Amino acid sequence: MAWDIVIAGGGFGGFYAARRLERVLPHQSARVRLVTAENFLLYTPLLPGAAAGTLEPRHVVVPIREELSRTDIILGRVTGADPALSQVSLTTIDGREEALRYDQLIVAFGSVSRGPARAGACSARPGFKTIADAIALRNRAPVNLEIAESLDDRDQRREYLTFVFVGAGYAGLEGIAELQDYVADVIDRYPRRRLDGTCWILVEALDRVMPEIAPSLADFATRELRARGN
Ligand SMILES: Cc1cc2nc3c(=O)[nH]c(=O)nc-3n(C[C@H](O)[C@H](O)[C@H](O)COP(=O)(O)OP(=O)(O)OC[C@H]3O[C@@H](n4cnc5c(N)ncnc54)[C@H](O)[C@@H]3O)c2cc1C
């Protein structure tokens, strides 16, 4: 009897697990089911481009069904698991509660952005992990410029012209740089903003940016950002 393999989460981990299994498992040897909240793989390295409008949102996602032909794709959210029964429970996108039995379970839910230490400090602000986050950021910049342009009070204008990114990892750094490029491209259309300038602040708890890469490259990135006035 074929093995039942359930993959929970369709991001990089889950998607590539399914793709690899399709390649290595003999036909009919296993049933692979992928439970995922979206029917696309978000290609996160291109997310800053979507936030800055240099890329269309549809160009930073890969439709999962186009890439996986032998995997059963189930759209929904995994809500729990019972290892004793070898079973995961899920809610499908149309709200049905279901249970899936498995012989092997691959858990690949990804991570969530860490929240601010002080409750409420940034709770209403967009994160930078999903396509919706990127679109929200892309929309926020021109709206802020429009509001600032309409205000007579210089201090009030400054509030809308100050952009704060929290977290100087790869995503934060690329995000601030791309958004700054976008604003630089449209700046001439906003005479008052030209007068006041924008303010870009990158906040990081560690003593360096991008702990995930070599210090020499991180230093280079810091110098580049400082040269832009950040
Ligand atoms: C802006 C940005 C840029 C990045 N750039 C790079 C880069 O250049 N190079 C690099 O190596 N890494 C980069 N990363 C990091 C990289 O995206 C992550 O390391 C990678 O996505 C982790 O893969 P994952 O499968 O663990 O999680 P994810 O890719 O986050 O996938 C998790 C999936 O599980 C789904 N899910 C979550 N909960 C449930 C549930 N209950 N039920 C069903 N589905 C669920 C989610 O919807 C998602 O589809 C970047 C990240 C960001 C945010």
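Coordinate-derived values only; no laboratory data. Being a predicted model, the structure only gives us computed values, none of them experimental. Backbone-built Cβ (ideal geometry, glycine too); neighbour counts: all protein chains shown.
Suppose every Lys and Arg Cβ carries +1 and every Asp and Glu Cβ carries -1, with no other charges. What dipole size does region 153-229 come out with about its Cα centre, to the nearest 20 debye?
380
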Cα centroid of region 192-230 to Cα centroid of region 19-68, whole Å: 32
Sorted by Cβ density within 10 Å, fewest first, the residues Arg70, Arg138: Arg70, Arg138
Pairwise Cα inverse-distance average, inverted: Kirkwood Rh of region 3-107 (Å): 14.6
Percent of C-alpha pairs per 10 Å bin, the chain, short to long: 7, 25, 27, 20, 14, 6, 1, 0
The chain: calculated mean residue ellipticity at 222 nm from DSSP helix runs of at least 4, using -39500 (n - 2.57): -11000 deg cm²/dmol
Solvent-free Debye scattering, log10 I(q)/I(0), computed from the Cα coordinates of region 1-49 at q = 0.16 Å⁻¹: -0.50
Hypothetical label at Ala99: residues of region 1-25 whose amide nitrogen lies under 12 Å (7 Å Cα-Cβ projection): none
Neighbour-count ranking [beta-carbon atoms within 10 angstrom, fewest first] of Val183, Val203: Val203, Val183
Those GluC sites (Glu not before Pro) in region 160-226 that DSSP places in a loop and that have at most 13 other beta carbons within 10 Å: Glu212
Point-to-point label distance, Ser216-Ala84, nm (Cα→Cβ direction, 7 Å offset): 5.7
